[in-house]
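Enquirer: The structure that follows is given in the form of structure tokens.
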Amino acid sequence: MRPRNLDEMVGQPGLLKAGAAFRRMLEGGHPASMILWGPPGTGKTTLARLVAAHSDAAFETLSATSAGVKDIREVLARARQRLETDEKRTVLFLDEIHRFNKGQQDSLLPGVEDGTIILIGATTENPFFEVNSPLVSRSTIFRLEGLRPEDIEALVDRSLTDQERGLGAQELEIEAAARADLAQRTGGDARLALNSLEVAAALATGRASTVIEDADVEEALQQRVIRYDKTGDQHYDVISAFIKSMRGSDPDAALFWLHLMINAGEDPEFIARRMIVFASEDVGLADPWALQIAVAASAALAHVGLPEASYNLTQACIYLATAPKSNSVARAIGAASDAVAAANSPRVPLHLLSSGGKGYKYPHDAPGGVVAQRYWPEGDEPQILYHPSEAGFEAKIAERQHLADETLGKKPR
């Protein structure tokens, strides 16, 4: 069911709509090297084949999981021969280009630079991190998106009516609920959707039925597909969404991302560590209990493990998401680091020396536990590095520190 022309393509409106850069380049027949970046089953291989067809170029394909420098050299040699004998260009489609190491990627550069090949690399990972800079700079990056449910439904209907390449010869129908379920549960992956449709069709014909039911789709899929790569971009994208949902005080979204990670098999210790960091970075002194809650959840995970520890992680997630927020700790880290970097040979004041410098005033002997004396390094002008927020418990800290600052002779924070 691979599309044979642009009219058969579904999805990717950003690339294929009239006037889009990719479509204009394709129809112009003079493509440049490019990297197609997107999830599985979104049409990267198909688009590469269409590029070759529209530019009347030979099509060669390699997979970075099994190919090496020797294979690349052989492709380049054949491409040069075509140029010399037939004046025909070559499109090299390199699947999973991010799996090539630096040396393997570098071996592509001569052919790309002198126009021997039109390189089309396909990757599910961010090419700016996973592909060498020289290749990225010589390529156009096109981002593909997962197919929408309505796109998947259109593919399902096409497969059921296509007698040449699809299931049309079997004269099957599919229930509306089954079609919608298949479209929703395959994560925008056309390849997975069509493979699952074939299995569901076999289940239907196996019980002598011409109608694919929801139960057939359910059995074909086994369980909802979760698009999550624990070592790739999505690992970082989902944890980012989780942290930002807690920071934004949305416990519902935070719970969704948390359990997507848990159900997809993410390392729970990684999640717990991020929650501990969040407790100080984004809640901080607005709720000092937040850090203890996060650490307790991590300790509970170490004691009982999953699945039971999902209770503890969930409790901590809800607490952190609903807690008052303050980033004063993070701002204090930045201010302190800047002050240290700018300090001019800081010296400990004599009265603070460990050897018992003369003149030290013991704060506990003073009313309120604060005495007016210098604590900032000698040789530098004292600065205000901590600026408390007015959120939650930190508002009380701000009030208390204001009284201490008056005694210390500091300006308002």
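Nothing in this text is a laboratory measurement; each read-out follows from the coordinates by a stated rule. Only a predicted model underlies this, so the values are computations on that prediction, with no experimental measurement involved. Cβ atoms come from the backbone with ideal geometry, glycine included; neighbour counts cover every protein chain shown.
Enquirer: If amide hydrogens are placed 1.01 Å from N in the peptide plane, which non-local residues have theirs closer than 5 Å to the one on I118?
Expert: Sorted by chain and number, the residues that satisfy this are T90, V91, L92.
Enquirer: Please compute the modelled spin-label separation between A341 and D56, points set 7 Å along Cα→Cβ, answer in nm with one decimal.
Expert: 5.8 nm
Enquirer: Also, quick follow-up: Okay, helix-only estimate at 222 nm for the chain: each DSSP H run of n ≥ 4 adds -39500 (n - 2.57), divide by all residues, round to 500 deg cm²/dmol; what do you get? Present the calculation step by step, with values, prior to reporting the outcome.
Expert: Working: 19 runs with 205 residues, N = 413.
Computed mean residue ellipticity for the chain: -15000 deg cm²/dmol.
Enquirer: Give me the extension gain from Y311 to F270: residue separation times 0.36 nm, minus the current Cα-Cα distance, reported in nm with one decimal. Spell out each step's value before the answer.
Expert: On the way: separation 41, 0.36 × 41 = 14.76 nm, distance 1.63 nm.
Contour length minus Cα-Cα distance gives 13.1 nm.
Enquirer: Which one, V131, I72, A58, projects farthest toward the positive side of the charge dipole computed for the stretch 50-139 from Cβ point charges (K/R +1, D/E -1)?
Expert: Going by the charge dipole, the pick is I72.
Enquirer: Of the labelled options (1) 155; (2) 234; (3) 138, which one gives volume of the Cα convex hull per residue in Å³ as computed for this structure?
Expert: Correct label is (2).
Enquirer: Now for a separate question. Rounding to the nearest 10 and keeping the result within 0 to 90°, find how far the Cα-based axis of helix 190-206 lies from the longest principal axis of the chain.
Expert: Tilt of helix 190-206: around 60 degrees.
Enquirer: Amide H neighbours of I141 under 5 Å, counting only residues 5+ apart in sequence or on other chains, H built in-plane at 1.01 Å?
Expert: The list, which skips near neighbours in sequence, is I35.
Enquirer: Rounded, prolate or oblate: which fits the stretch 6-143 when a ≥ b ≥ c are the square roots of the eigenvalues of the alpha-carbon gyration tensor, with rounded for a/c under 1.5 and prolate only if a/b beats b/c?
Expert: Because a/c hits 1.5 or more and a/b fails to exceed b/c, the stretch 6-143 counts as oblate.
Enquirer: With a cut-off of at most 16 other beta carbons within 10 Å, and DSSP calling the residue loop, which GluC sites (Glu not before Pro) in the stretch 261-367 qualify? Please list them.
Expert: Taking the stretch 261-367 and a limit of 16 other Cβ atoms within 10 Å, the loop GluC sites (Glu not before Pro) found are E308.
Enquirer: I want to verify a result. In a Gaussian network model of the chain, Cα cutoff 10 Å, which of these has the top mean-square fluctuation: P307, P367, P39?
Expert: P367
Enquirer: Full-extension gain between E164 and W289, please, as 0.36 nm times their residue separation minus the C-alpha to C-alpha distance.
Expert: Additional length available on full extension: 38.5 nm.
Enquirer: List the pairs from K325/K410; K17/K44; K325/K411; K361/K411; K17/K102 whose alpha-carbon separation is above 28 Å, in the order I gave them.
Expert: Pairs exceeding the cut-off: K17/K102.
Enquirer: With +1 assigned to the C-beta of every Lys and Arg and -1 to the C-beta of every Asp and Glu, and no other charges, what is the dipole magnitude of the chain about the Cα centre in debye, to the nearest 20?
Expert: Dipole about the Cα centre, nearest 20: 1540 debye.
Enquirer: Right, next: From Cα pairs below 8 angstrom and at least 6 apart in sequence, can you work out the relative contact order of the chain, rounded to a whole percent?
Expert: Numbers: 591 pairs, mean separation 45.5, N = 413.
About 11 percent, as a whole number.
Enquirer: Please give the residues of the stretch 323-343, grouped as numeric ranges, whose backbone N is less than 20 Å from a label point set 7 Å along the Cα-to-Cβ vector of R374.
Expert: Only 339-343 pass the distance filter.
Enquirer: At 7 Å along Cα-to-Cβ for each site, give me the label-to-label distance between S133 and S354 in nm.
Expert: 4.4 nm
Enquirer: Same structure again: Using each residue's phi in the stretch 164-169, evaluate 6.51 cos²θ - 1.76 cosθ + 1.60 at θ = phi - 60° and report the 3J(HN,Hα) Karplus result to the nearest Hz, with x for Gly and Pro.
Expert: Here the 3J(HN,Hα) series is 7, 10, x, 9, x, 5 Hz.
Enquirer: In addition: Give, rounded to the nearest 20 debye, the magnitude of the charge dipole that the stretch 340-413 has about its Cα centre when Lys and Arg contribute +1 at Cβ and Asp and Glu contribute -1 at Cβ. Let's see the in-between values first.
Expert: On the way: 9 positive and 9 negative charges, 41 e Å.
It comes to approximately 200 debye.
Enquirer: Testing the spin-label approximation: label points 7 Å from Cα along Cα→Cβ at N101 and E145. State their distance in nm.
Expert: Distance between the two pseudo-spin positions: 3.8 nm.
Enquirer: What is the helix-to-structure angle for 44-54, meaning the angle in degrees between its Cα long axis and the longest Cα principal axis of the chain, kept from 0 to 90 and rounded to the nearest 10?
Expert: 50 degrees
Enquirer: Let me ask you something else. Grab the beta carbon distance between L403 and D250, set R0 = 30 Å, and tell me the FRET efficiency rounded to 0.05.
Expert: 0.25
Enquirer: With an 8 Å cut-off on Cα pairs and a minimum separation of 6 or more residues, tell me the relative contact order of the stretch 277-413 in percent.
Expert: Relative contact order of the stretch 277-413: 27 percent.
Enquirer: Starting from the amide H of E173, placed 1.01 Å from N in the peptide plane, find each other amide H under 5 Å away whose residue is 5 or more places distant or on another chain.
Expert: V211, I212
Enquirer: Relative to the longest principal Cα axis of the chain, at what angle does helix 149-161 sit, 0 to 90 degrees, rounded to 10?
Expert: Once rounded, the angle reads 20 degrees.
Enquirer: To the nearest 0.05, what FRET efficiency results for T46 and A302 with a Förster distance of 45 Å applied to their C-beta separation?
Expert: 0.45
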